[in-house]
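Reviewing the structure listed below.
The values are calculated or read from the model by the stated rules, or taken from the named source; none is laboratory data. Because the structure is predicted, anything quoted here is derived from the model rather than measured. Cβ sites come from the backbone with ideal geometry, for glycine too, and all protein chains shown count toward neighbours. Keep in mind that these areas ignore ligands, DNA and RNA; they rest on the heavy atoms of the full protein, side chains included. Shrake-Rupley method; radii C 1.70, N 1.55, O 1.52, S 1.80 Å.
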Amino acid sequence: LKIYNKILEKRLYIWNLYNSFFEKYEREGYLRRPFIPEYSTHNAHIFYIVFNNNTTRNTFINYLKDNEIDVRFHYVPLHSSSAGKKYGRISNSMNNTETISDNLVRLPLFYDLADNQMEYIFSVTDNFFKLKFGKNKNFEA
């Protein structure tokens, strides 16, 4: 508890770096970033992006993994998990849940993540978008 504020401050710093960095790609319509309402706060538990489709999401994950950056999809929807299938029930379509699950990527966010590691993540990500969407595309903030 003594270092809680120090840890939270660092995690918020990393979260805000990601949020600022990915703004340009959201503006271009390639992904969505988390939305935090003005009346709310968060603890920077995770930073995620949601791509428009599963193919781009998977290509991004593989590209970052090829560059030794560990990114993950976030979750299996409860209704499609083993326990959910066994014990759960749904009465409506779960399309939104399935779409988010299929297109979401969770980025590294931990206390010891250094600025030079963040710069590397950003550099590799910029290269991905240039390769995927065109070398002449200007992705400046």
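At a glance:
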quantity	calculated
Filtered chymotrypsin sites (Phe, Trp or Tyr not before Pro), the stretch 36-70: DSSP coil and at most 16 other beta carbons within 10 Å	TYR39
Pairwise FRET efficiency - TYR120 versus HIS42, Cβ, R0 = 25 Å, nearest 0.05	0.50
Distance (nanometres) between label positions extended 7 Å along Cα→Cβ at LEU12 and ILE69	2.5
Within the accessible area of the chain (1.4 Å probe), percent carbon and sulfur	49
Cα centre as origin, Lys/Arg/Asp/Glu Cβ charges: the chain dipole, Debye	440
In the stretch 1-115, lysine pairs closer than 30 Å at Cα, eight or more apart or cross-chain	6
Estimated dipole of the stretch 1-52 in Debye, rounded to 20 [Cβ of Lys and Arg +1, of Asp and Glu -1, Cα centre]	240
Net charge contributed by nearby residues that have their C-beta within less than 11 Å of HIS45 (K/R +1, D/E -1)	+2
Gaussian network model of the chain, springs between alpha carbon atoms under 10 Å - residue of LYS86, LYS65, LYS24 with greatest fluctuation	LYS86
Positive dipole terminus of the chain, leading residue within ALA83, ILE61, THR41 (C-beta point charges)	ALA83
Residues in the stretch 55-72 reached by a label modelled at PHE133 [backbone nitrogen below 18 Å; 7 Å Cα→Cβ]	55-64
With all protein chains modelled, accessible area of THR125 [1.4 Å, Å²]	0
As computed over the chain, the Cα convex hull volume per residue (Å³)	159
Estimated inter-spin distance, ILE100 and GLU23, nm [label 7 Å along Cα→Cβ]	2.4
